[in-house]
1. Looking only at segment 94-153, which residues are under 21 Å from Val305 (Cα atoms) and within 14 Å of the ligand (Cβ to nearest atom)?
2. Is segment 69-77 home to any residue that is open to solvent by 10 Å² or more (accessible area, probe 1.4 Å) and under 26 Å from Gly313 (Cα atoms)?
3. Might you let me know whether segment 283-295 holds any residue that is away from the ligand (no atom under 16 Å from the Cβ), open to solvent by less than 20 Å² (accessible area, probe 1.4 Å) and part of a strand (DSSP E or B)?
4. Determine if segment 109-119 includes at least one residue that is part of a loop (DSSP other than H, G, I, E, B), in contact with a Pro (Cβ under 8 Å, 6 or more places away or on another chain), among the polar types (S, T, N, Q) and in the same structural domain as Ala47 (by TED's automatic domain parsing).
5. Mind checking whether some residue in segment 48-65 is surrounded by 22 or more Cβ atoms within 10 Å (Cβ to Cβ) and within 14 Å of the ligand (Cβ to nearest atom)?
6. Which numbered condition trips up Ala233, out of (1) open to solvent by less than 10 Å² (accessible area, probe 1.4 Å); (2) within 16 Å of the ligand (Cβ to nearest atom); (3) more than 13 Å from the chain's Cα centre (by Cα)?
7. Hey, could you check segment 252-282 for residues that are within 15 Å of the ligand (Cβ to nearest atom) and of a type in the set (Asp, Glu) and say which is least open to solvent (accessible area, probe 1.4 Å)?
Amino acid sequence: MAYCSRIIGTGSHLPERIVTNAELAQTVDTSDEWIVDRTGIRERRIAHKGETTAALAFQAAENALEAAGISAQELDLIIVATTTPDNTFPSTATKVQAMLGLDTGAAFDVQAVCSGFIYALSIGDNFIRAGQAKKVLVIGAEVFSRIIDWEDRTTCVLFGDGAGAVVLQAEEVKAGDKVGILSTHLHSDGKLRDLLYTDGGPGTNSTVGHVRMLGREVFRHAVTNLAAVVDEALAANGYEKSDIDWLVPHQANKRILDGTAKKLGLSEDRVVITVDRHANTSAASVPLALDEAVRDGRIKKGQLVLMEAMGGGLTWGAALVRW
Ligand code: UT7
């Protein structure tokens, strides 16, 4: 018997507090004009003290389970993609598992920074294809605000906090059926790890460290790598660029989104954009954007949805889904 993964529910959750560009300009040497012009970001959500990745992830999970119409007890596996776990260990996923009232199934975290959700989705999909799980909760959740150097204007204006989740369910398919997650494509190049990293962590010192980024270099790699992985996903399934109904990209910079859309020949109304309101929420950005477009009715059953992301590592990837 062959199985595919269907996304049967999506959910998300954002902290209440909105921080505008103007507010940031009061503490660092920046301006609303510079941030909007270079990134498209107008505001971001910032978690309050004590509001953790697990707390955001749990809310997103509850929303996704409700949308899927299943109870948490039915889950075989919980995967949380995060770079900002509540603790060094245990995993944030096991914390979410407990918050959902579960002591069955398995739970673990995945670390691929901004590509984390695509990595976690790929792992969940492969568990289902292998017949090892029937229902999988995949979450991308971050409180990036905790690892930002709030005095570094080149990074502190770029990020925000949030969480998004999807529920995957196994569906029996015949050879040649093109439904659900059609394929996922993952890449990394560890030689480029110094372009985007934190200067802390258990292996370096006792602090979690702060985000350091060579923005212009990362930008250059993002444009090239995302175009390549998108082509790879389409070619693997015999589709043309014109077959895509929706692009749900990682939300790092509006200029990167525009560049990818242009390469795909997609008009802006086929691209789900949240970067203006969420900024870059790392592993949460794709599922946050996906949930918004599913809930407001843009993404409809039968449509072809392309998700992609790139982040520290460097890591990058794509997922093609027949909704
Ligand atoms: O999610 C993971 C993947 N991450 C990304 O994809 C991020 C990719 N990179 C980017 O999005 C862009 O490179 C940035 C938004 C980070 C920066 O934009 P840029 O157009 O590449 O600017 P830049 O780094 O070349 O800096 C241009 C100028 C510099 O001043 P000088 O040296 O020309 O005098 C910066 O110091 O802008 C200055 N600058 C700022 N000015 C006002 C940098 N940050 C700011 C700021 N406000 N916040």
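The values are calculated or read from the model by the stated rules, or taken from the named source; none is laboratory data. Not measured: the values here are computed from a predicted model. Cβ: placed from backbone, ideal geometry, glycine included. Neighbour counts: every protein chain shown. Only protein heavy atoms, including side chains, enter the accessible area calculation; ligands, DNA and RNA are left aside. Shrake-Rupley method; radii C 1.70, N 1.55, O 1.52, S 1.80 Å.
1. Across segment 94-153, the qualifying residues are Cys114, Ser115, Gly116, Phe117, Ile118, Tyr119, Gly140.
2. no
3. No, because not a single residue in segment 283-295 is away from the ligand (no atom under 16 Å from the Cβ), open to solvent by less than 20 Å² (accessible area, probe 1.4 Å) and part of a strand (DSSP E or B).
4. No, segment 109-119 contains no residue that is part of a loop (DSSP other than H, G, I, E, B), in contact with a Pro (Cβ under 8 Å, 6 or more places away or on another chain), among the polar types (S, T, N, Q) and in the same structural domain as Ala47 (by TED's automatic domain parsing).
5. no
6. Failing condition for Ala233: (2).
7. Checked segment 252-282; the qualifying residue least open to solvent (accessible area, probe 1.4 Å) is Asp276.
To keep it simple, each residue is scored yes or no on (1) out of contact with any Ser or Thr (no Cβ under 9 Å at 6 or more places or on another chain); (2) surrounded by fewer than 18 Cβ atoms within 10 Å (Cβ to Cβ); (3) in contact (Cβ under 8 Å) with a residue 40 or more places away in the chain.
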| residue | (1), (2), (3) |
| --- | --- |
| Met99 | yes, yes, yes |
| Phe108 | no, yes, no |
| Ala112 | no, no, yes |
| Tyr119 | no, no, yes |
| Phe127 | no, no, yes |
| Val136 | no, no, yes |
| Gly140 | no, no, yes |
| Ile147 | no, no, yes |
